[in-house]
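Each remark here refers to the structure printed beneath this line.
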Ligand SMILES: N[C@@H](CCC(=O)N[C@@H](CS)C(=O)NCC(=O)O)C(=O)O
């Protein structure tokens with residue numbers, strides 16, 4: 001058995017965050033596809049492992065099959081083992097947490113919602129869609145400014161904050177953004193793609209029961 005099982009699915013940028021981390025770290029892991037669009041995440045079996053009914057969910061077999069959910073917590077948990085992605089001091093650690101929280105609330109919170117409305121529901125033009133798009137643009141501007149003159153978001157090195165923030169950003173066409181308008185984000189995504197072991201979501205997240 002692999003050290004980790006990640007319950008996940010291809011369309012989920014929240015799943016991509018821990019999947020990318022596992023891949024970058026060279027971890028021994030396998031993916032278990034969640035049939036999200038059929039509501040598997042609300043089944044009693046799934047809720048028994050994560051009562052929040054959210055994907056992703058990591059099972060850490062190396063620590064007695066412990067379930068870990070919330071992508072930020074999963075990344076934090078993995079960084080305790082794969083310390084190359086952890087901050088090296090308390091000040092940087094605070095920055096990591098600050099940016100992971102910003103990601104969950106403001107960046108992913110709006111990018112993922114707008115993407116869902118725009119790409120999957122074709123409701124991007126509704127008032128709700130326009131409101132969410134505006135909030136998304138504000139969050140992208142914050143990140144773009146942060147990356148002006150620095151390589152990584154929270155520290156002098158790549159950390160789980162970068163891995164969290166980039167979760168949805170390799171699909172700019174899904175939420176109608178051109179990185180030419182946010183050049184510091186574009187350059188930072190390229191740096192992430194250049195990391196050893198980098199893999200695109202399509203290559204590591206499953207889109208069906210076979211894991212393919
Ligand atoms: N903050 C959570 C968000 C997870 C999340 O919302 N995942 C989506 C799939 S990408 C989900 O499971 N949604 C189900 C729901 O909101 O009921 C995390 O980072 O893990």
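Bear in mind these aren't lab numbers, they're just calculated from the coordinates by the rules spelled out. These numbers come from a predicted model, not from an experiment. Cβ atoms come from the backbone with ideal geometry, glycine included; neighbour counts cover every protein chain shown.
Couple of notes before you dig in:
- Computed label-point distance, nm, for sites residue 32 and residue 91 using a 7 Å Cα→Cβ extension: 4.3 nm
- Footprinting exposure proxy for 61, 41 (fewest neighbouring C-beta atoms within 10 Å first): 61, 41
- Relative contact order for the stretch 86-193, counting Cα pairs under 8 Å that sit 6 or more residues apart, in percent: 32 percent
- Entry note: the chain has Rg to Rh equal to 0.95, where both radii use alpha-carbon atoms and Rh is the Kirkwood radius.
- Of the residues 83, 108, the one with the fewest other Cβ atoms within 10 Å heads the list, and the complete ranking is 83, 108.
- Label point distance in nm, residue 101-residue 121, each placed 7 Å from Cα along Cα→Cβ: 2.8 nm
- Relative contact order of the chain, pairs being alpha-carbon contacts under 8 Å that are 6 or more residues apart, as %: 28 percent
- Against the compact-protein benchmark of 2.2 N^0.38 Å, the Cα-based radius of gyration of the stretch 86-193 scales to 1.08.
- Taken as Cα centroids, the stretch 137-190 and the stretch 1-63 sit 24 Å apart, rounded to the nearest whole angstrom.
- The length gained by stretching the chain between residue 191 and residue 178 to full extension, at 0.36 nm per residue less their Cα-Cα distance, is 3.0 nm.
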